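Take a look at the structure set out below.
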């Protein structure tokens, strides 16, 4: 199972690049950050034609996160990081796909620091730390994937003094990231590549891409169950060199299937297949998505959370509500209490609109 994370830096502006990458890399799950679009403007039609189902939560001009599943619908479990009902920024999304619970996140940048933005960054990371402890204990594979906006160590940044005052490298966020690892989370990229820089972000300014002046801000963290299945990890850095590219490159991991022997998967992806058209001709042809072999295992510990957040989506059996076919607007109690409720998007199969 290939799981990727990609800060796309405006999904509509970079859509051609994103779709080209999906076609060649073919991740089973793609976690996207910094969509920079509203829910209604999310390009669900073209993503569906590429063979992917999706759940997403957008925000105008900045933020926004999505989880895409190739040939299977992500089963939504959470739409916001718990701990602050007044926080209406779209930075966190959680879903179960293929027997793995996956969270995609876009942590606050924190600049300029010191100041309120840096304070928000630290508070957000402390909330993540608390929630991550609960996720780590789940008796199933769990992956935290996204742009953490933290450079963990000096090895993860090119030799430079220009970032000395930047929020990305300050001691406080680095300490909070280390606390995540002390909970037991495994930094997958570092597990496979302990000595290489493995840069993922290159600023547009000062020819940093051309000079390979990069940073490692995006991470895929695995709980113990997921870490046992890790066979490979990497960065598709060539995507950063494309015309009109995001300033981030995609990072990815490969988890072996349950019961299979560990093996190194080829870095050359298989040739992409064209998805068959459904009766309506507007979505990937796939069986009704289920969590293969782990539906009950994943949903048992998280179903109650999903019901709390989206009571209109979940029934007693945990099946998706047919109202999602009309892109219903289920109440987001956490957001509504803050006066910032927004529609959550869903896409998949024959229930898509362009």
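Values as computed for the structure displayed
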| quantity | calculated |
| --- | --- |
| Sites residue 154 and residue 40 - FRET efficiency at Förster radius 56 Å, r taken between beta-carbons, to 0.05 | 0.85 |
| Ascending count of other beta-carbon atoms within 10 Å, so fewest first, for 229, 206 | 206, 229 |
| Percent of alpha-carbon pairs separated by more than 21 Å within the range 59-148 | 32 percent |
| Segment residue 24-residue 196, length gained on full extension (0.36 nm per residue, minus Cα span) | 59.5 nm |
| Global form of the range 2-255, assessed from the alpha-carbon gyration tensor, a/c cut-off 1.5 | rounded |
| Gained length - residue 86 relative to residue 161, 0.36 nm times residue gap less alpha-carbon distance | 23.4 nm |
| Rg/Rg_ref, the range 170-235, where Rg_ref = 2.2 N^0.38 Å and atoms are Cα | 1.28 |
| Rounded Å value of the spacing that divides the Cα centres of the range 199-220 and the range 49-70 | 24 Å |
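Every read-out reported here was derived from the displayed coordinates using simple, explicitly stated rules and does not represent laboratory data. Since the model is a prediction, treat every value here as computed from it, not as a measurement. Note that each Cβ is placed from the backbone with ideal geometry, even for glycine, and that neighbours are counted across all protein chains shown.
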